[in-house]
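Shown next, in structure tokens, is the structure this report addresses.
The values are calculated or read from the model by the stated rules, or taken from the named source; none is laboratory data. It should be emphasised that the depicted structure is a prediction, and the values quoted were computed from it without experimental measurement. Using ideal geometry, Cβ is built from the backbone for each residue, glycine included, and neighbour counts are taken over all protein chains shown. Note: areas computed on protein heavy atoms with side chains; ligands, DNA, RNA excluded. Shrake-Rupley method; radii C 1.70, N 1.55, O 1.52, S 1.80 Å.
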Amino acid sequence: MANSTSGQEKKSYLYFPGCTMQATGIAYGESVRTLFRLLGLQVEELEDWNCCGATSYMSIDERAAFVLSARNLSLARQAGPRDLVVPCTACFLMLRKTQEYVRQYPSIRQEVEGALKQAGIPPMGPVRVRHPLDVLYSDVGVEQIRAKATRRWHGGRLACYYGCQALRPYAEADQAYNPMRMDELLQAVGVTTVDFPLKTKCCGGSLTGTIHPVGVRLNYIILKEVARRGAQAVATMCSLCQFNLDAYQSEMREEAHEVFDVPILYFTQILGWALGGDFRSLGLHRGIAGRNLIGQWFTTPKEVEAYV
Amino acid sequence: MLGIYKQEAYERHLRFQRDADPTWGRKITALPGCEGILTCMQCGTCSAACPLSVYMDYTPRRIIATVREGFREDVLRSQTIWLCASCYACRVRCPREINITDVMYALKREAIRNRMYPPHFPIPILARAFFDMVKRRGRSTEFWLVLRMALRSNPLILLGMAKTGWHLWRTGRLSLGYEKIRGVGELQKALASPREEV
Ligand code: SF4
Ligand code: SF4
């Protein structure tokens, strides 16, 4: 399939899925793995990783939150000197934040290292934690994606939605104010992306589950702007953004009396499809909203029959 | 849920300096990530950047000022700390590079520790359920978390969630798994190791 004959040695990465990749974000995990395979990159899942604790641990016990990530960083170091690819933005930020705070604050370092030692866990090392957007943009590159694409995009215009924690506060997946990497990667496979000023506005994260009306409202604002900018679908890079934008459209339809049926895709699904990946292995059957459009855009006539 | 604060909002009393506890303000300012509070120039950029400030009773700018003065009750009983979605928009825009998100986290922790939130308020319940689940198994499953949160806050919200649940089930995105990592013993040991008092 993928012809990685570009002369360079096969790059290998460690992969940190995180809890959502087994549940609501399963399509993200599937498409990241498929895309990496098509690009001839090796990914190996980090053995026995634990949950990052997300915002909940930070809200209860900061040190415990750092300890959770410290164990993961220790496992990553033991697994060899490879970059750790982390698609979930909550996991990504928790790992990065732990590294930064341990470096900046001697008191935190002491506590975290002490806790690992107490439990017989080897110390953490200098592991490079990376978001797939950064890996695809910096290691693979727009040109290689363009060269390897076997299908040309025939779907509608897309709005690229970057969300929050992969860009803030550390601005490593892309720059914090006007990120463009996802736009550039998708343009390389023929997608027209619209100018989208809300690309880094927060989706509210878990607010849709806790203070529901506020959470839904934030997502309504984002989708409204998507429509206003003339985009027919959204490309995301976070499982929580994807879920929030995808799952509550029927509710918005009832409340705002507006018809939203917008496919919410992962950018890795689109790239994977362009590189020849098939519908199911990219998790494209897992969308809730805009299923008709997804069917039209990503399938050959034969596959449509099996899908509908 | 938030309506609980309504009456207070209408009867807001004047603050007197004697209500303040400057020691508390200094304690928060000394926490890792919260050092910047003292340098805040009250420009309001954080409030402008915050996607949730329109729903907040105290904007992020005002939280910083109120913490600095030491009005503990006002801050910890505000809706703001619960509405903060930890999106870091304020943080990257603040001209003084103040870590407002971390201040919000510190306030959430203190409010949860002291049970300063309305009864059946879902956010602390969710955080607590999440905390316990990961401590026991090393992983979390959204389905069981949401179920626990709903049962302990307001089971009626499950009705509203049923449709979303059905969509997730239909698309194979609802995991009922109850995974446990092999290293859960060492993880628990690390979490339980003695700490310095904060
Ligand atoms: S942006 Fe920074 S300096 Fe300005 S009010 Fe907010 S915290 Fe203070
Ligand atoms: S981190 Fe919290 S306070 Fe800051 S902008 Fe985001 S929601 Fe607002």
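For chain A, take the longest principal axis of its alpha carbons; what is the angle in degrees between that and the long axis of helix A:62-78, to the nearest 10 within 0 to 90? That works out to roughly 90 degrees.
Within straight-line reach of A:LYS199, meaning a Cα separation under 15 Å, sit the following aspartates and glutamates at least 8 residues removed in sequence or on another chain: A:ASP174, A:ASP183, A:GLU184, A:GLU225. Peptide B:139-147 shows a mean partner chain C-beta count of 4 within 10 Å per residue C-beta.
For the stretch A:197-255, the pair-distance distribution built from all alpha carbon pairs, in bins 5 Å wide starting at 0, is 4, 19, 34, 27, 13, 3, 0 percent. Solvent-accessible surface of protein heavy atoms, probed at 1.4 angstrom with all chains present, puts B:LYS189, A:LYS201, A:LYS224 in the order B:LYS189, A:LYS224, A:LYS201, largest first. The label-point distance for B:LYS163 and A:ARG280, in a model that sets each label 7 Å from Cα toward Cβ, rounds to 3.0 nm. Heavy-atom accessible area buried between chains A and B is around 5800 Å² (1.4 Å probe, both sides summed).
Extension gain for A:MET180 to A:LYS10 (0.36 nm times residue separation, less C-alpha to C-alpha distance): 58.5 nm. Straight-line cross-link partners of A:LYS11 among the lysines, defined as a Cα under 28 Å from its Cα and at least 8 positions apart when in the same chain: A:LYS97, A:LYS148.
The Cα atoms of the protein assembly as shown define a convex hull whose projected area, averaged across directions, is 23.3 nm². Shown is the FRET efficiency for B:ASP132 and A:ARG157, computed with R0 = 35 Å from the Cβ-Cβ distance and rounded to the nearest 0.05: 0.20. Bridging of A:LYS117 to aspartates and glutamates at a Cα separation below 20 Å is possible for A:GLU47, A:ASP48, A:ASP61, A:GLU62, A:GLU100, B:GLU186, B:GLU196, B:GLU197, once same-chain residues fewer than 8 apart are set aside.
Once the partner protein chains are put back, the stretch A:112-155 shows a loss of at least 50 square angstrom of accessible area, versus the chain by itself, at A:GLN118, A:ALA119 (probe 1.4 Å, ligands and nucleic acids excluded).
The length gained by stretching the chain between B:THR39 and B:GLU97 to full extension, at 0.36 nm per residue less their Cα-Cα distance, is 19.9 nm. Computed over all pairs of different Cα atoms, the Kirkwood value for the hydrodynamic radius of the stretch B:122-191 is 13.2 Å. If you plug the beta carbon distance of B:ARG26 and A:ALA147 into 1/(1 + (r/R0)^6) with R0 = 45 Å, you get a FRET efficiency near 0.15. With the convex hull constructed from alpha-carbon coordinates only, the stretch A:119-259 shows a mean projected area of 11.5 nm² over all directions. Rolling a 1.4 angstrom probe over the protein heavy atoms with all chains in place gives chain A an accessible area of 36 Å² per residue.
On the beta carbon distance between A:ARG109 and A:HIS257, with R0 = 45 Å, the FRET formula returns roughly 0.25. Normalised by 2.2 N^0.38 Å, where N counts its residues, the alpha-carbon radius of gyration of chain B equals 1.18.
For the stretch A:240-302, state which chymotrypsin sites (Phe, Trp or Tyr not before Pro) are in a DSSP loop and have at most 14 other beta carbons lying within 10 Å of their beta carbon. Answer in residue order: no site qualifies.
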